[in-house]
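The values are calculated or read from the model by the stated rules, or taken from the named source; none is laboratory data. Everything quoted here is computed from the prediction, not taken from an experiment. Cβ placement follows ideal geometry from the backbone for every residue including glycine, while neighbour counts extend to all protein chains displayed. Accessible surface areas use protein heavy atoms only, side chains included; no ligands, DNA or RNA. Shrake-Rupley method; radii C 1.70, N 1.55, O 1.52, S 1.80 Å.
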Amino acid sequence: MEALLNKLSEQQELTEEEIVWFLGHLTPELRQQLYSRASKVRKQHYGVSVYARGLIEFSSYCRRDCLYCGLRRSNSSAERYRLTEDEIIECAAEGYELGYRSFVLQSGEDIHYSEQVMTTIVRKLKQRFPDAAITLSVGERSEAFYRALYNAGADRYLLRHETASRALYESLHPGMSYDHRMDCLRILREIGYQVGAGFMVGLPGQTQRHLAEDLLFLKEFQPEMIGIGPLIPHSATPLKQAAGGTVEDTLVMIAMARLMVPDALMPATTAMGTLDPSGREKALQAGANVVMPILSPLQIRSKYALYEQKICMGDEPEHCRSCLEMRIAFSGYRMEFSRGDHCRFNVQL
């Protein structure tokens, strides 16, 4: 195990069999060594900075029916909403006043927001906040859509691969194509986006070999951003009885991903903080270096329910910033409000 940990730290890789063995023989002491090495590597690339992204969840409508998600189209109890163009820009304006220079526009796969609508929104954001980075997270769209939004000024695109196992992916995503998902990621890379991939920990049927496949996919693809979070079962989905993921298992994946893709930007997710009051801080200690406080209007936040019991639903953006900044400082890091680009990107404004 020590030899495998050394190989992972020094060569940034393990074979599939080595990963499976490693995951099956981790002791509490080795976990701490793993987290410590991951934290050291992220500091080599990004110091003690934790980059803040203002998250705007602008639509809870979704055309997909993913088995784990509270926004799935078959969930008739879900409360749906759409923010207008002006409301989205106002959310960003409030965040800009608080110092944010990076915004994430996230929604379900809602084709109400067409290429023309989204292009207009991105252009207006860039005109009003030219020194801010814009990240999109709106699912699978056409290559033409991706190119139009990139040309309008979008800088980054988040599209979790969810699982690198074809069989597991197709069992969780009715009517969706594993190949198309992967094609979308490659197209985004070719266009020039800073691209985010990632996966969930604790999916029903997920094995250590599946997790090894996820890590090896990340190693091969080298995304600029990696989002890893635990499955939190939603009571209105087919996976409502699932055990879900744990904070500890997710921390192991975050740390291993950090060592395999050392320069990635990796969020300490809200889901981690939902399962454990110190979950986000633990993620930072295991190699994460991004937080995404919510800027959406208070009255609609609870309706964006990928899972239930989500934290920070009632926090005003100013309070959320202050709270996170304090918690991050207490953990030995510094909250950073710049664009926070990947270290391979030198963005000229």
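Things to note:
- Identity of the residue in the stretch 254-279, of a type outside the set (Gly, Ala, Ser) and within 13 Å of the chain's Cα centre (by Cα), that ends up surrounded by the fewest Cβ atoms within 10 Å (Cβ to Cβ): Thr270
- Selection of the stretch 53-63 for residues being surrounded by 18 or more Cβ atoms within 10 Å (Cβ to Cβ) and either free of Cβ contacts under 8 Å to residues at least 60 places away in the same chain or part of a loop (DSSP other than H, G, I, E, B) (or both) yields Arg53, Ser59, Ser60, Cys62.
- Answer from Pro204, Pro233 - the residue that is open to solvent by 30 Å² or more (accessible area, probe 1.4 Å), touching an Asp or Glu at 6+ places or on another chain (Cβ under 9 Å) and modelled with pLDDT of 95 or more: Pro233
- Considering residues of the stretch 90-124 that are hydrophobic (A, V, I, L, M, F, W, C) and within 17 Å of Ile294 (Cβ to Cβ) only, the residue surrounded by the most Cβ atoms within 10 Å (Cβ to Cβ): Leu105
- Residue tally, condition over 23 Å from Tyr307 (Cα atoms) and either without any contact (Cβ under 8 Å) to a residue 12 or more places away in the chain or under 22 Å from the mean Cα position of the chain (by Cα) (or both), over the stretch 75-88: 2
- Verdict on Leu8 being open to solvent by less than 10 Å² (accessible area, probe 1.4 Å) and at pLDDT 95 or above: yes
- Residues of the stretch 262-274 classified as among the aliphatic types (A, V, I, L, M), within 10 Å of Arg42 (Cα to Cα) and in a loop (DSSP other than H, G, I, E, B), total: 2
- Complete set of residues in the stretch 18-52 that are open to solvent by 70 Å² or more (accessible area, probe 1.4 Å) and either assigned to a loop (DSSP other than H, G, I, E, B) or in contact with a Lys or Arg (Cβ under 9 Å, 6 or more places away or on another chain) (or both): His25
- In the stretch 317-349, residue surrounded by the fewest Cβ atoms within 10 Å (Cβ to Cβ) [restricted to those that are in a loop (DSSP other than H, G, I, E, B) and hydroxyl-bearing (Ser, Thr, Tyr)]: Ser338
- Thr207 meets each of the listed conditions (1) within 26 Å of Glu17 (Cβ to Cβ); (2) among the β-branched types (Val, Ile, Thr); (3) within 15 Å of the chain's Cα centre (by Cα) apart from (3).
- The set of residues in the stretch 145-173 that are open to solvent by 60 Å² or more (accessible area, probe 1.4 Å) and over 15 Å from the mean Cα position of the chain (by Cα) comprises Arg147, Tyr150, Asn151, Arg166, Ala167, Glu170, Ser171.
- Residues satisfying the stated conditions in the stretch 236-253, i.e. surrounded by fewer than 24 Cβ atoms within 10 Å (Cβ to Cβ), free of Cβ contacts under 8 Å to residues at least 60 places away in the same chain and not aliphatic (A, V, I, L, M): Lys240, Gln241, Gly244, Gly245, Thr246, Asp249
- Scanning the stretch 131-141 for residues that are part of a strand (DSSP E or B) and either surrounded by fewer than 17 Cβ atoms within 10 Å (Cβ to Cβ) or among the small types (Gly, Ala, Ser) (or both) turns up Ala133, Ser137.
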